[in-house]
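Peer 1: I am attaching a structure below and will ask some questions about it afterwards.
The values are calculated or read from the model by the stated rules, or taken from the named source; none is laboratory data. As the structure is a computational prediction, the values presented were derived from the model and not from experiment. Cβ placement follows ideal geometry from the backbone for every residue including glycine, while neighbour counts extend to all protein chains displayed. Calculation scope for accessible area: heavy atoms of the full protein, side chains included, ligands and nucleic acids excluded. Shrake-Rupley method; radii C 1.70, N 1.55, O 1.52, S 1.80 Å.
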Amino acid sequence: MWLTMILIAILLIALIAYTLYGHRRHLAISTGPKIDPASRPNTALLLIDLQDDFTSDSAKHTYPADAMTNGIMAINKLVETANANGSPVISIRQTFAGWYINVLVKLLNEGRGCPKSKGLDIDARIDGDIDHDIVKSRADAFHEPELSRVLDRHHVGKLIIVGLDGDFCVNATMKAALDRGYDVSFSDATILAHNPQSWRKTKSRLIALGAKDGIEEKPGDAVSDRTAKQTEPA
């Protein structure tokens, strides 16, 4: 009897420890070589996790409908401008990898983001041309080598990062980009977060690391936040 209880306790502790490890691993920031900004004058627009699984109003952990609508409108303005300027638009989509994390996602979030989910495609409301589509399995998109290869080919040194969630995948990708020396810009109009209070703290930390709050129009820059800000609610 006691032996059985001890074994169960050990198993539960092991599962909790492995779950915490998996969570930390998923959110871990990748490392990579520093870029030379002087040789990379171009700008790219990164769309993070704007997939049906996460943008749908039927999702278990849904975003407020008005915030999602306004966010997509603002993002579409940036996509339109990027397309007009010939700047790369890169869609980053989440698909979880590994049996254990997929079991947890099925139990806790209705399987959204799992490989067999029917909602892995980018939200159809995103209007415009997507130049590259990259699937990631962890929060930080730079864990996928293809992202760096695409940015290298386009001589990109400036990134405008939009999407969701601000506290997780957007945060992790921005940190990895800043660590590599990219000029990173974002705006509240184009970032969604389940917890606005937490996002304000995350945003402050990103700004302290060098991220720019607000996407300014400059000579040679690919996209502007001027039109995006027009969609923000008063």
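Peer 1: Of Ser185, Ser148, Ser137, which residue is hydroxyl-bearing (Ser, Thr, Tyr), under 16 Å from the mean Cα position of the chain (by Cα) and at pLDDT below 95?
Peer 2: Numbers: Ser185 fails: at pLDDT below 95; Ser148 fails: at pLDDT below 95.
Of Ser185, Ser148, Ser137, the one residue that is hydroxyl-bearing (Ser, Thr, Tyr), under 16 Å from the mean Cα position of the chain (by Cα) and at pLDDT below 95 is Ser137.
Peer 1: Restricting attention to region 118-151, which residues are within 14 Å of Val79 (Cα to Cα) and of a type in the set (Val, Ile, Thr)?
Peer 2: Passing the criteria: Ile122, Ile126, Ile130.
Peer 1: Out of everything in region 59-78 that is more than 17 Å from Ile122 (Cβ to Cβ) and among the small types (Gly, Ala, Ser), what residue ends up being most open to solvent (accessible area, probe 1.4 Å)? Steps first, answer last, please.
Peer 2: The initial filter retains those residues of region 59-78 that are more than 17 Å from Ile122 (Cβ to Cβ), namely 60-62, 64-67, 70.
If we keep only those that are among the small types (Gly, Ala, Ser) too, we end up with 65, 67.
Values: Ala65: 70, Ala67: 42 Å².
Once the filter is applied, the top-ranked residue is Ala65.
Peer 1: Give the number of residues within region 144-198 that are out of contact with any Ser or Thr (no Cβ under 6 Å at 6 or more places or on another chain) and open to solvent by 50 Å² or more (accessible area, probe 1.4 Å).
Peer 2: The number of residues fulfilling the criteria is 15.
Peer 1: Something else now. I need every pair where a residue in region 178-199 that is farther than 17 Å from Asp140 by Cα and among the aliphatic types (A, V, I, L, M) has its Cβ under 9 Å from the Cβ of a residue that is in a loop (DSSP other than H, G, I, E, B) and open to solvent by 40 Å² or more (accessible area, probe 1.4 Å), sequence separation at least 6 or different chains.
Peer 2: Ala189/Gln230; Ala189/Glu232
Peer 1: Next question. Given the structure, is Gly32 farther than 23 Å from Ser187 by Cβ, under 23 Å from the mean Cα position of the chain (by Cα), at pLDDT 85 or above and surrounded by 15 or more Cβ atoms within 10 Å (Cβ to Cβ)?
Peer 2: Working: farther than 23 Å from Ser187 by Cβ: yes; under 23 Å from the mean Cα position of the chain (by Cα): yes; at pLDDT 85 or above: yes; surrounded by 15 or more Cβ atoms within 10 Å (Cβ to Cβ): yes.
Against the criterion (farther than 23 Å from Ser187 by Cβ, under 23 Å from the mean Cα position of the chain (by Cα), at pLDDT 85 or above and surrounded by 15 or more Cβ atoms within 10 Å (Cβ to Cβ)), Gly32 qualifies.
Peer 1: Out of curiosity, is Thr55 open to solvent by less than 80 Å² (accessible area, probe 1.4 Å), modelled with pLDDT under 95 and polar (S, T, N, Q)? Even if it seems obvious, please write down each step before you answer.
Peer 2: On the way: open to solvent by less than 80 Å² (accessible area, probe 1.4 Å): yes; modelled with pLDDT under 95: yes; polar (S, T, N, Q): yes.
In short, yes.
Peer 1: May I ask you to list the residues in region 86-136 that are surrounded by fewer than 18 Cβ atoms within 10 Å (Cβ to Cβ), under 17 Å from His26 (Cα atoms) and touching a residue at least 60 places away in the same chain (Cβ under 8 Å)?
Peer 2: Those that are surrounded by fewer than 18 Cβ atoms within 10 Å (Cβ to Cβ), under 17 Å from His26 (Cα atoms) and touching a residue at least 60 places away in the same chain (Cβ under 8 Å): Gly98, Tyr100, Leu104.
Peer 1: When you go through (1) open to solvent by 60 Å² or more (accessible area, probe 1.4 Å); (2) within 30 Å of Ile90 (Cβ to Cβ) one by one for Leu15, which number turns out not to apply?
Peer 2: Only one criterion is unmet by Leu15, namely (2).
Peer 1: Name every residue in region 34-90 that is in a strand (DSSP E or B) and of a type in the set (Val, Ile, Thr), in order of residue number.
Peer 2: Taking region 34-90 and keeping what is in a strand (DSSP E or B), we get 42-48, 51, 89-90.
Residues satisfying the conditions are Thr43, Ile48, Val89, Ile90.
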